[in-house]
Structure formats: C-alpha cells, structure tokens
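Structure first, then comments.
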Amino acid sequence: MTEQIKRMYINGEWVEAESGNTLEVKSPATGELIGVITYGDGRDTKKAIDAADAAFKEWGSATARERSKYLSELSALIHKNRNELAEIIAAELGKPIREAKGEVLGAADNFAWYAEEAKRVYGETVPSTFPNKRIHVMKQPVGVTAAITPWNFPINMAARKIAPALAAGCTVLLKPAEATPLTSVRVFELIEEAGFPKGVVNLVLGEPQKVGAEIMANKKVRKVTFTGSTAVGKLLMRQAADQMKRVSFELGGHAPFIVFEDADLDAAANGLFESKYRNAGQMCICTNRLYVHESVADEFAQKLVERTQKAVVGDGRNPETEIGPLVNQAGLDKVLDHIEDAKAKGAKVLTGGHRLTGGEYDQGFFCAPTILTDINPDMKIVSEETFGPVVPIITFKTEEEVIEAANASDFGLAAYMYSQNVSRCLRVPEKLEYGIVGVNDGSPTQTQAPFGGFKESGFGREGGKWGIEGFLETKFVSYGI
Ligand code: NAD
C-alpha cells in the first residue's frame, strides 16, 4: 500500500523536508512498501531546535502539575490506540504482534509514570556553616533536548526519553531511526491530539549524519540522549566535547546468561528463550553468551533445542509468530557472518545455522533460530554483538571461572543467572560488571527500575526516579541573611 508522504512535526505543524527528499519504508518480512516519509537534513533540524528553544521559556517554567496533565493525556491516547500502534510496529519492524503490544503498553506506562515523577522533583535545604547564611539546592530543566533512537523498540525507546525530558521541563526534538519512522509519526499525531503547546515536542525525519551534525553543533541544544550502537555513541560523545553538551548513552550489549548446576533447568530454558529470541534477538539486553555448568550442559542443550525447533518463525503481523525477521539485509548478513565465522573456527550446529528460504521466507530477512556448541574465544560471536537469534553454548566448571568469563567483555549492560541457591543468587550479581542483572528472570525491564549499562554500554539511566535526573541541572543558591 502506498499512502501520502508522512511529514515531520515541527513547531506544531506537519512539514515536508526543505530538500524535498523522501525515503521508502519497507516490510522486512515481505519487502512490500508500507509507507513513504519526508527525509530532511540539517536545515529541518535547525527549525526544530529553534522551535524547541522558543517553547522552552514557557514549558520550562510551567508548574509540574500542568506538564503532568499533558503527559497523562498522551499516556491515555497511546493506550487507547494500542492496537493500531502495535500493528505499525509489526509492519515496519516485523516484531511479533504480541511483543509489539507489550512495547506499546510499556510506552503508555512510561508517560503515566513521568506524569507523576514530574511532581516529585524536589529541592533541598542544607545546614550552613555560618549563622547568617542559608543554602538552597534546586533542580531545573537542562533545556532543549535532542533524543536519538534506534529501530528495535520504535515507541518505547522514544517514550523513555521524551517522557522524563518533558516531565523535567525540557523541550524536545526526536530523531527516530530510518527503518521505523512510521511509529513515531503516529505517536506525534497523538502528541498533537493531546494538545501540547507548539514547539514543545518536535519530530525530525532525516539523514542521520546531517541531522546529527546540526544537533551536535547547535548551541541551543543542551542535552543529547542517545540509544543505539556503541560506535555512533562514541562519535556523538566526541562531538559533544566542544560544547560540554550534556549526554547520556544507552549503547550496545553482550549479555552473559549463566545456568548453574543447581538451576531449575525448565525455568532457565524459558528465560533463555525469552531473553534470546524476543524481537528476533535484536535487543541490547539479549543473551549473547550462554554459559552452562558442564554437569547439566547436555540436558540443558537438549531442552533448548526442543523448544527452539518448535518456535514459529514468520511475519510479525501473523498472531502465531514467535520470532520475526531481521530488520534488514545488513542485519541478516551480520548474523549469518557470525554463524559462518563460528563454524569455520570449529563450532557445531545443534539446530538452525542458516537463512530460512522457501515460500514466504524468500521475500524477507529470516534466519533460523540457531544453537551452537564447541565455542572458543576467537569467534566473533563471543565478543561482538550479534543482534540475531543465535545462541552459543559455552560450558564451565566453577563459579569463579564463569564470573571471570562473563565479565570479560567491553560491554556491561545486562547479565542473567539461574540458580536455586539463595547464597549464590545474592553473591554472584554483586560480582557481575553489568548495570542490569536478571536472577531467575529472563526479562527484567520495568518502567520503575533503572535501565543502563557499565563500561562501553554507556552511562546515565532511564526508568523510574533515575530516568529524570539526566534532564535536570542542580543549582545551589546561597543566601546571606
Ligand atoms: P545506530 O547506532 O546505527 O542508530 C541509532 C540511531 O542513531 C538511529 O536513529 C540512527 O539514525 C542514528 N544515527 C546513526 N548515525 C548517526 C550520526 N552520525 N549522528 C547522529 N545520529 C546517528 O543503532 P541501531 O542499529 O539503530 O540500533 C541498534 C543498536 O542500538 C545496538 O547496538 C543495540 O544494542 C543498541 N540499543 C541499545 C539500547 C540500550 O538501552 N542500551 C536499547 C536498544 C538498542
């Protein structure tokens, strides 16, 4: 289906790119054209920044309760339109519709949460050293905020940035990923319906490098919140240095998933399935390395193979689908390259190990869910983010050894462990160098909990009371009385 060209939302108006360029959005499952967007550059970005800057004066000084009303309204609208939004995500990303619905509800929950959190931005008074002085500490919005988001969670990545930024009193421009802009366009129609004052929230659709260059060079932008690859995160951090722009980064991951000999193996297999195959393995918190104690490795591998071979792979729009396609050709190529590299270096394939072809699979970017054994540290899959449905099984003998192996990564986003031993469940997470640890839990994310990484997985936290901190400055006022 072709429709009219979807436009950007700048200063309360739907506008086309100055360049007149457009970009096609295609289904990764079928290759069909599902939409066309206007595709801008630095000029459109500058307009959005100017609009956000002009709107900041009023929005930044509005009461928290006023801002809260708009956020609550938006949350309700997202909830009301959840099925349509989920269908757009399933169409442009290929994500299974059940997962897409969960993501949309997560976004509504974020707006609801920050509608409340807006009211809890408290200051402090601090006892002074001197009898004739008083110390007040207050929190104020950072200012114009640029949010740059990836394609793997088209609505929730945007919500986790826009909601706390607006709650704090910042004005925002969002630049979504090229693969999944249609979800953002629909969200901004709801933003318009919620009645936000013009310029408070803006949508820029355009070439990443050009949009990014304007965001980073423009002094009116005080804060950049980015979720995406570590490579682009590092580039933006270098660019931010010149102006000391505030930045927060949610970057790549390489999660270890540890199954101890005292684990409930059925629960661990379910947890692994969830953590590995959700969104076809295209999650920053996806399991990348599965460590299984040698005494239970064969039994666990058997359970996993059985469960994996039953998985329904297909177009996310089909309600039966459990695992959708990869996002694009480059995504598929990377996954197949990791499989071939592992095979060439001695890995054995227990199931999968190839692109899916035949029938409906020929039109899309489908990879068979894959389990590999006989893994060694030289394989790319052990250190690089695969971003696909591939599980490498690595065996271990001792707790110390597996903790060391799990921490031997430049990334530090999420880690998982399964054990029925209470002491171990308390001991091991303390030693894992990761920002999020799932203990007997393959799906740990929740709105109210802090989400973010150690090491090259970035810094700053999204979610809960922590998520708003990155959009606030701390001001100290000293009173002589
Ligand atoms: P990406 O880095 O290629 O793109 C992310 C966003 O940055 C997109 O909007 C893209 O258009 C934009 N971008 C690209 N080059 C840019 C530039 N030069 N200047 C400004 N913007 C630019 O990442 P992706 O492929 O869209 O997403 C996958 C990556 O995101 C994975 O590494 C994944 O782990 C990571 N991710 C992290 C989290 C987290 O919370 N830590 C969550 C989801 C995804």
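The values are calculated or read from the model by the stated rules, or taken from the named source; none is laboratory data. Keep in mind it's a predicted model, so treat the numbers as computed, not measured. Every residue, glycine among them, receives a Cβ derived from its backbone with ideal geometry; neighbour counts consider all protein chains shown. Please note that ligands, DNA and RNA were not included when accessible areas were found on the heavy atoms of the full protein model with its side chains. Shrake-Rupley method; radii C 1.70, N 1.55, O 1.52, S 1.80 Å.
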Inset, instruction - Given the conditions (1) surrounded by 21 or more Cβ atoms within 10 Å (Cβ to Cβ); (2) closer than 19 Å to ALA311 by Cβ, report the number of the one that THR373 does not fulfil. - result: (1)
Inset, instruction - Taking GLN243 as meeting all but one of (1) within 22 Å of the chain's Cα centre (by Cα); (2) more than 12 Å from the ligand (Cβ to nearest atom), write down the number of the exception. - result: (1)
Legend entry - Sole exception among (1) part of a helix (DSSP H, G or I); (2) open to solvent by 30 Å² or more (accessible area, probe 1.4 Å); (3) more than 13 Å from the ligand (Cβ to nearest atom) for ALA301, by number: (2)
Legend entry - Extreme residue, farthest from the ligand (Cβ to nearest atom), among residues of the range 165-177 that are touching a strand residue (DSSP E or B) at 6+ places or on another chain (Cβ under 9 Å) and not in a strand (DSSP E or B): GLY169
Inset, instruction - Just need a number here: residues in the range 150-174 that are within 20 Å of GLN239 (Cα to Cα) and open to solvent by 10 Å² or more (accessible area, probe 1.4 Å). - result: 1
Inset, instruction - Working only within the range 3-19, note down all residues that are more than 21 Å from ASN152 (Cα to Cα), open to solvent by less than 70 Å² (accessible area, probe 1.4 Å) and touching a residue at least 12 places away in the same chain (Cβ under 8 Å). - result: ILE5, TYR9, ILE10, ASN11, GLY12, VAL15, ALA17, SER19
Inset, instruction - State whether one or more residues within the range 285-303 are within 22 Å of ILE97 (Cβ to Cβ) and either assigned by TED's automatic domain parsing to the domain that holds ARG222 or in contact with a Pro (Cβ under 7 Å, 6 or more places away or on another chain) (or both). - result: no
Inset, instruction - Inspect all residues belonging to the range 3-19 and state whether any of them is out of contact with any Lys or Arg (no Cβ under 7 Å at 6 or more places or on another chain) and at pLDDT below 95. - result: yes
Inset, instruction - Could you run through the range 238-279 and say how many residues are under 17 Å from ARG222 (Cα atoms), of a type in the set (Ser, Thr, Tyr) and open to solvent by less than 10 Å² (accessible area, probe 1.4 Å)? - result: 0
Legend entry - Test set (1) touching a residue at least 60 places away in the same chain (Cβ under 8 Å); (2) open to solvent by 30 Å² or more (accessible area, probe 1.4 Å); (3) touching a helix residue (DSSP H, G or I) at 6+ places or on another chain (Cβ under 6 Å) - PRO389 fails condition number: (2)
Inset, instruction - Please report, ordered by residue number, the strands (runs of 3 or more DSSP E) entirely within the range 349-456 with at least 2 residues that are not hydrophobic (A, V, I, L, M, F, W, C). - result: 370-373, 390-396, 414-418
Legend entry - Qualifying residue in the range 417-433 (condition: within 14 Å of the ligand (Cβ to nearest atom) and either farther than 28 Å from VAL172 by Cβ or within 15 Å of the chain's Cα centre (by Cα) (or both)): no
Legend entry - Selection status of SER68, touching a residue at least 60 places away in the same chain (Cβ under 8 Å), in the same structural domain as ALA213 (by TED's automatic domain parsing) and closer than 20 Å to ALA168 by Cβ: yes
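With respect to GLU58, determine if the residue is over 30 Å from ARG278 (Cβ atoms) and open to solvent by 10 Å² or more (accessible area, probe 1.4 Å).
Details: over 30 Å from ARG278 (Cβ atoms): yes; open to solvent by 10 Å² or more (accessible area, probe 1.4 Å): yes.
Criteria met by GLU58.
Would it be correct to say that LEU332 is of a type in the set (A, V, I, L, M, F, W, C), without any contact (Cβ under 8 Å) to a residue 40 or more places away in the chain and not in a loop (DSSP other than H, G, I, E, B)? Steps first, please.
Values: of a type in the set (A, V, I, L, M, F, W, C): yes; without any contact (Cβ under 8 Å) to a residue 40 or more places away in the chain: no; not in a loop (DSSP other than H, G, I, E, B): yes.
No: the conditions fail for LEU332.
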Inset, instruction - Return the pairs, sorted by first residue and then second, in which the second residue is in a loop (DSSP other than H, G, I, E, B) and of a type in the set (Gly, Ala, Ser), the first residue lies in the range 210-237 and is farther than 19 Å from THR171 by Cβ and open to solvent by 40 Å² or more (accessible area, probe 1.4 Å), the beta carbons are less than 9 Å apart, and the residues are 6+ apart or on different chains. - result: SER229/GLY252; ALA231/GLY252
Inset, instruction - Evaluate the following for ASP341: is it away from the ligand (no atom under 16 Å from the Cβ), closer than 30 Å to GLU399 by Cα and not aromatic (Phe, Trp, Tyr)? - result: yes
Legend entry - Residue in the range 178-206 that is nearest to GLU84 (Cα to Cα), counting only those that are within 14 Å of the ligand (Cβ to nearest atom) and open to solvent by less than 10 Å² (accessible area, probe 1.4 Å): THR183
